[in-house]
Structures are given as structure tokens and as C-alpha cells.
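One structure is given below, encoded as C-alpha cells.
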Amino acid sequence: MFSGKSTELIRRMRRYQHAQLKCLVVKSKIDDRYTSESLVSTHDRQMMKANALKRLDEMGEEYMNYDVIGIDEGQFFADLNMFCDQAANKGKIVIVAALDGTFERKPFPHVCELIPKAENVTKLSAVCAICGSDAAFTRRLVSSTAVELVGGSESYQPVCRNCFTVPTKDDDDVMN
């Protein structure tokens, strides 16, 4: 989280729009962190119109009317792998912004299964909230065991490998 995935998705989609390609952006219906409207929104409130869906197959064949399909928060779509493979095989440019792992550093299978099928993979890193190093991991700040818990800086923080295991303030309170 906080590495600029949605920002990069918006940047790439605007680039394709500038090239006069027909672009469709979709986001998960469960992601309503920054707006309840059908918009992809970044942490710093950059926004782009998007279709909010529970599953990508809800589009039916509508995506065939577009040249480029951008998918935000791809880890929330159970049919991500199937849809991306199908759309790419039909000549569509597909861009997915997604987390590759959970707060427990376990893979999101739908995302990781895309890697061997992708022409290009860009892994972004955030800045560690504790030490300022590159942060490849996300630490959850709230107590919940749910894998899919939508939240922002109130619920998660980016951390590096070393700081991932540093106790949080809540952990310290429990120990004292």
C-alpha cells in the first residue's frame, strides 16, 4: 500500500486516452475508502471515472468496445486471472493495479497467477513509515484477521523487511 499503484494506473490510462484509445477503468465495489462514487481515487485524491463491480464478468462483452482496460485493486476480483487472460487474448491492453501480498506477507493468488502471463510487471515500493527505507510490505494497524479489509492509513502502514517485525504501539501496550 501507499506505493502509488492507483496513481500509476491513472497516469497510464490518461496516456492512452491522450493517444485517442478508448479506455475503460474498473474498480472493486467494496473499495469505497475515498469516495462512494464510481471513481478510482488515490490517497492524495487524484480521481478517474470507473465502473464499480463485484466481479469482472459483470461487464459481459462490454469491454470489447474498448482498447485499454484498467483494473484498480485487482486483488479484490476472484475472476481477475480469467478475465485478464481472455481480454489480452482478444487483443486488449490490460493494466492491473493490485497488491501482490496480504498484510501477513502471503500471496494474493489471483494476482500472482497473472505474472507468468503478463508481458510486463512493474512492482512499486512505498516508503517505510518507520525508518524511511523502501517498503515492500504492508502492516495492519487494526486488529482483524480478515484478509480483505478495506482501509487507508488508519488501518495500514508501509514497512520494510526489518520494520515489518517491529512491535506496534498496541503490541507494546499489551506487553506492559
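The values are calculated or read from the model by the stated rules, or taken from the named source; none is laboratory data. Note that the coordinates shown come from a computational prediction; the quantities given were computed from them, not determined experimentally. A quick note on method: Cβ atoms are made from the backbone with ideal geometry, for glycine too, and the neighbour counts reach across all protein chains shown.
The figures follow:
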read-out	value
Only one of PHE137, PHE83 that is among the aromatic types (Phe, Trp, Tyr), touching a strand residue (DSSP E or B) at 6+ places or on another chain (Cβ under 7 Å) and at pLDDT 90 or above	PHE137
Complete set of residues in the range 71-108 that are closer than 21 Å to MET47 by Cβ and among the polar types (S, T, N, Q)	GLN75
Scope the range 9-33; condition farther than 22 Å from TYR66 by Cβ and modelled with pLDDT of 80 or more; matching residues	ILE30
Residue within the range 71-79 that is of a type in the set (Gly, Ala, Ser), part of a strand (DSSP E or B), at pLDDT 90 or above and crowded, with 20+ Cβ neighbours inside 10 Å present	no
Matching option when the condition is closer than 21 Å to LEU124 by Cβ and of a type outside the set (S, T, N, Q), among GLY60, GLY74	GLY74
Only one of SER6, SER36 that is at pLDDT below 85 and either in a loop (DSSP other than H, G, I, E, B) or under 24 Å from PHE108 (Cα atoms) (or both)	SER36
Failed item, numbered, when PHE164 is tested on (1) farther than 28 Å from ALA50 by Cβ; (2) surrounded by 14 or more Cβ atoms within 10 Å (Cβ to Cβ); (3) at pLDDT 95 or above	(3)
Residue among MET59, MET64 that alone is modelled with pLDDT under 95 and among the aliphatic types (A, V, I, L, M)	MET59
Residues of the range 85-133 that turn out to be in contact with a Ser or Thr (Cβ under 6 Å, 6 or more places away or on another chain) and not in a loop (DSSP other than H, G, I, E, B), as a count	2
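Residues are listed down the side, and each one gets a yes or a no for (1) touching a residue at least 12 places away in the same chain (Cβ under 8 Å); (2) more than 13 Å from the chain's Cα centre (by Cα):
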{"site": "ALA88", "(1), (2)": "yes, yes"}
{"site": "ILE93", "(1), (2)": "yes, yes"}
{"site": "VAL96", "(1), (2)": "yes, no"}
{"site": "PRO109", "(1), (2)": "no, yes"}
{"site": "VAL121", "(1), (2)": "no, yes"}
